[in-house]
Amino acid sequence: MEQLAATLLAFPESSDADFSLADNLTFDTAAKHHVSKLSKMLKDQNALLLTHGHRLIDLLDPAVNTLSYIAVLHTLLLPSPDSSIPRDVLLNKFVRFLYVYDARQARYARGHLQELLLAAGSGQYLPPSVAVDALATAILRLDPTGSMLTMYHLNLVKLAYQTDNITPALPVFDKNIIYFPGMASYGEPKFLCDLSLPPPAYLSRETGLASYLKTSLILEYDIFRGMSYCALRDWAKAYDAFERVVAYPTREGGVSKIMIEAYKKWVLVSLLATGKLSEPPSYTGAAANKLYGNLGKPYTALAVLFVADNAEALKAEVEKNTQIWSEDANTGLVQEVLASYQKWQVLGLEQIYSKISLSEIRKQTTSAETGQALQKDEDVETLVQNMIISGMLNGVVEKNDDGTAFLTFLSPSAQLSEKEFAKELAGTAERLKQLQPIFKATKERLGTSKEYIKHVAKEKTRADKNEPDPTLAFDAHVDDEDLMGGVVATG
Amino acid sequence: MAADQHILNYFTAMDNQGGIIVRGRTRFERLLLIGQCSVPLCVDALKAAVAEAKRGNDVQRYRDAFECIRVAAPDEPEAKWDEAWVTATEKANKAETHRLESELKGYKNNLVKESIRIGHRDLGEHLESIGDLNGASEAYIKMRPDASTQSHIQDVGKHIISILLQKRDWAAVLANANKVLAISPGSNEQNTEQPYQKMIYGLAQLGEGRYYDAAKSFLEVGDPAGCQAHNDVASPNDVATYGGLLALASMDRLELQTRVLDNASFRNYLELEPHIRKAVSLFVNGRYSACLGILESYRNDYLLDIYLQAHVPAIFSQIRSKCIVQYFVPFSCVTLDSLNAAFAKPGESIEPELINMIKTGALNARINTIDKLLVAVSTNSRAAMQKKALDSARNYEKEVLERIRRMNIAAADLEVKGSKKVVGGGGAGNMPGVGDVWMDETRRQPTSNDTMV
């Protein structure tokens, strides 16, 4: 037991926080050394570790002795929680570990960390409300940029959506996913602990921290994310999430059923978010676009009626297709669309009126839920007040001397001062600058991909074979792989 | 009833001097249109139309006019079918066609170019006069290979255009007018042909609904004498009316002043239709309701014009909304009552019209129904610029991210691929062409074999 404890506590050498700042070489050697000892221990003294586990784990600090902590925790928790220690105590430790672990050390933990994170997201060990928050924190500890999609993301989004614990997961959902596992890899980086590494360098299958994902899982992630935003009624973000699925890159006319489902939801959400139906982005696959047109007909028909001035027809159309909505599990969204119809009508009045009495609003707008105008001016007031509170409408309801209530539309947000404006622009420029390394990494990766090298080799042999043709030289600048077509970070 | 009086005057004037105002085949068309559209003038116009038809050789026209008058006034002497005339005319027509065709054959055998051209022209003119427009246009087109001089080519063009005008094929008219009447600069004929060319352009542009272009064309017609020579197309009065109305509908005040009122050559036309000049100058002077009043009193006349008829509602509503916009320009805020007083018919409110104009973007203003005001929208161009700049920055960022994302998807070989092997995604992908394709099944799922090395 003492021997075990000694091994476990041997790394890091000093418990003060300075060590986490040690230079890469020192840290890398020490960590690798420790890991080899740990894995030997796990292999040879597993039984002993189990018996003393509950005492050992008390000795260790998850924030400092992360690697050792993972080893002990893994032994105790997986495949099933050990009986030597009360379940709630162990799980408490597990949660605490997820919140505080040291990401630099954890990179060396490989499959063990992966399994712990997967266990956290599986919903078997922790109650969902705890698990979502803990896992979200853990994901962002491991990859603070949150730009790489992993299996943990998928577990998180499913758990969060299915158990309706979405808010704690939002920090993860709001990140832009840029990297995907399975891109041509660099092999193992020189120093795994190097904090300047881009996420895909350490979150790869080679380092054991991430596994490959299937295409359908990536689509699932975004569609679940969209549905989560729908549950929170954040239509704009839901719109973006669904759009990613709708416009997912396709090849050779491939279309996924998930994309079709996403398109249906996307149409509805686009009505909610923008009040009209938008065209799919220009880069949407042609085959997909065609299928959207065919299979999404009931939805586009709904969208056409939504912008037309006929609430009754909209209501009738919705009722006619009740079965479709429920088969596609979109009944809730369709109801939301109906409820928002009148709100968008009121917003449309802003283009015509500067002040308008509530009774006129009542006459000029119709509720798509009933197909009729609202009964009382008070109902209109409630509707308008709700819109103002939710930030959808920029205006105030006032009362005249003679008691007529009216709505005044306010002009859109006041002009920014020169400073604020410059700050906003500088912010964008800064964010674009931050993309520079990502762009570089991506370029490097594409430059080393098998297809590209093949292409270059082929070009070269062709160039060698043929006499340099002056007309070809012009073409040579048009590089097939130059997907960035003019997008270069500026500023 | 004053309006009716107007029309009657107009009509009598037209009938009395018919040969002077318009001649040629459009005369019948105009009469028939008036007969069909105007109740008080119906019988008179139709009677004149029947007479006009019988003066020519076109049996079909007689039939059309007869059908109308039979319904409208069965008791009139013109309502009796003149079988003798029809038979005689048809026979004469046939004989004439035959004669011209055989003459043409003779010319062709002789291989004299000029004779062949004349032969085609005569045949074409005859066919046109008996109403066979397609045959006529074919005959005219055959003139082209034998046309040797500039004036011959123009002659061909004019004949073809005349047919196209009768067929109301505006796009083709424009194309031909461009092609045929392209006169080399500096040529003397420029001046004599300009009225015709501009008139044709104007009519075709009017027919296509391009009011501003049409107005410009009519304003440039030039010498009224030249115009008079082509009054089978449109009379100088027509040019004045079309030009003035279309300019009112499509030009702003400054342009109206410089291009219409200060236009020396167009002044000659305006003298023929003084009310148009009055309307234009009222508009320029900002007396919009008076201007609209004048136009409104002539509306029925315009509705009886063959070229203008279809466009009258559009032109009038454009003029009207321009008046409202112009009226509003100097103000930041106008009471609805004063707008009603200036523009609305008694007892009606202008509000629905305003709403419509705001919706279509013609009027940049907001209605305040509480204080009964129409308020101008003050555009804050600084704020607009800032918003635009921020939006484009944001979009740029979004696009960059999206592109990098897509590159990485491509790099990871994770696109959705089409494949012959279609595997149902979640067991539900039985739609044709749809299915989740698991191309990467060989890839490993997370396993616990990864140990700490």
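The values are calculated or read from the model by the stated rules, or taken from the named source; none is laboratory data. Owing to the predicted nature of the structure, the values given are computational and were not obtained by experimental measurement. Methodologically, a virtual Cβ is constructed for each residue, glycine included, from the backbone with ideal geometry; neighbour enumeration extends over all protein chains shown. Surface accessibility is based on the protein's heavy atoms, side chains included, excluding ligands, DNA and RNA. Shrake-Rupley method; radii C 1.70, N 1.55, O 1.52, S 1.80 Å.
Annotation: of all residues in the stretch A:259-302 being of a type in the set (V, I, T) and over 14 Å from A:S340 (Cβ atoms), the one that is nearest to the other protein chains (Cβ to nearest Cβ) is A:I260.
Look at B:I404 and say whether it is facing another protein chain (nearest Cβ under 7 Å), in a helix (DSSP H, G or I), surrounded by 15 or more Cβ atoms within 10 Å (Cβ to Cβ) and modelled with pLDDT of 80 or more. It is true that B:I404 is facing another protein chain (nearest Cβ under 7 Å), in a helix (DSSP H, G or I), surrounded by 15 or more Cβ atoms within 10 Å (Cβ to Cβ) and modelled with pLDDT of 80 or more.
Please determine, by comparing only the residues of the stretch B:55-74 that are outside any helix (DSSP H, G or I) and open to solvent by less than 20 Å² (accessible area, probe 1.4 Å), which one is farthest from B:A92 (Cα to Cα).
So, considering only residues that are outside any helix (DSSP H, G or I) and open to solvent by less than 20 Å² (accessible area, probe 1.4 Å), the one farthest from B:A92 (Cα to Cα) is B:A73.
For the stretch A:200-211, a tally of residues being touching a helix residue (DSSP H, G or I) at 6+ places or on another chain (Cβ under 9 Å), within 13 Å of chain B (Cβ to nearest Cβ) and more than 14 Å from A:K440 (Cβ to Cβ) returns 6.
Taking the stretch A:249-287 as the range and being of a type in the set (A, V, I, L, M), under 21 Å from B:I404 (Cα atoms) and surrounded by 24 or more Cβ atoms within 10 Å (Cβ to Cβ) as the test, only A:M259 passes. When A:E418, A:E444 are checked against the criterion of being facing chain B (nearest Cβ under 10 Å) and open to solvent by 90 Å² or more (accessible area, probe 1.4 Å), A:E418 stands alone in meeting it. Restricting to the stretch A:445-467, name every residue that is of a type in the set (D, E) and at pLDDT below 75. Matches in the stretch A:445-467: A:E451, A:D464, A:E467. In the set A:H52, A:H112, only one residue is surrounded by 17 or more Cβ atoms within 10 Å (Cβ to Cβ) and within 14 Å of chain B (Cβ to nearest Cβ); that residue is A:H112. Considering (1) assigned to a helix (DSSP H, G or I); (2) at the interface with chain A (Cβ under 7 Å from one of its Cβ atoms); (3) closer than 30 Å to B:F331 by Cα, the lone condition that B:I370 does not fulfil carries the number (1). Of everything in the stretch A:384-404 that is modelled with pLDDT under 85 and away from every other protein chain (no Cβ under 14 Å), the residue that is most open to solvent (accessible area, probe 1.4 Å) is A:S390.
So for the stretch A:405-419 (the condition being of a type in the set (G, A, S), in contact (Cβ under 8 Å) with a residue 24 or more places away in the chain and within 26 Å of A:I177 (Cβ to Cβ)), does at least one residue qualify? No.
Counting only residues that are open to solvent by 20 Å² or more (accessible area, probe 1.4 Å), give me the helices (runs of 4 or more DSSP H) lying completely in the stretch B:212-305 with at least 3 of them. Output list reads B:224-229, B:264-272, B:274-284, B:288-303.
Table: residues versus (1) on the phi > 0 side of the Ramachandran plot; (2) assigned to a helix (DSSP H, G or I); (3) of a type outside the set (A, V, I, L, M); (4) touching a His at 6+ places or on another chain (Cβ under 6 Å).
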| site | (1), (2), (3), (4) |
| --- | --- |
| A:Y263 | no, yes, yes, no |
| A:L271 | no, yes, no, no |
| A:P280 | no, no, yes, no |
| A:F306 | no, yes, yes, no |
| A:A313 | no, yes, no, no |
| A:A316 | no, yes, no, no |
| A:G348 | no, yes, yes, no |
| A:E369 | no, no, yes, no |
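Of the residues making up the stretch B:99-147, those that are of a type in the set (S, T, Y) and either at pLDDT below 85 or surrounded by 15 or more Cβ atoms within 10 Å (Cβ to Cβ) (or both) are B:Y107, B:S115, B:S129, B:S137, B:Y140.
Among the residues of the stretch A:356-369, is there at least one that is among the hydrophobic types (A, V, I, L, M, F, W, C), more than 14 Å from chain B (Cβ to nearest Cβ) and over 17 Å from B:I358 (Cβ atoms)? Yes. Apart from one condition, B:G286 fits all of (1) at positive phi; (2) outside the structural domain of B:S235 (by TED's automatic domain parsing); the exception is (2).
Taken as a whole, the condition of being farther than 29 Å from B:K322 by Cβ, open to solvent by less than 40 Å² (accessible area, probe 1.4 Å) and within 10 Å of another protein chain (Cβ to nearest Cβ) does not apply to B:A365. Looking only at residues in the stretch A:77-109 that are in a helix (DSSP H, G or I) and within 14 Å of another protein chain (Cβ to nearest Cβ), which one is farthest from A:T51 (Cα to Cα)? Ranking the qualifying residues of the stretch A:77-109, first place goes to A:R107.
Matching residues to (1) more than 29 Å from the chain's Cα centre (by Cα); (2) farther than 15 Å from B:A53 by Cα:
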{"residue": "B:A72", "(1), (2)": "yes, yes"}
{"residue": "B:E114", "(1), (2)": "yes, yes"}
{"residue": "B:R121", "(1), (2)": "yes, yes"}
{"residue": "B:I130", "(1), (2)": "no, no"}
{"residue": "B:I141", "(1), (2)": "no, yes"}
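Do we have B:Q386 as assigned by TED's automatic domain parsing to the domain that holds B:G207 and of a type outside the set (G, A, S) here? No.
When B:M357 is tested against (1) within 7 Å of chain A (Cβ to nearest Cβ); (2) modelled with pLDDT of 80 or more; (3) buried (at least 18 other Cβ atoms within 10 Å of the Cβ), only condition (1) is not met.
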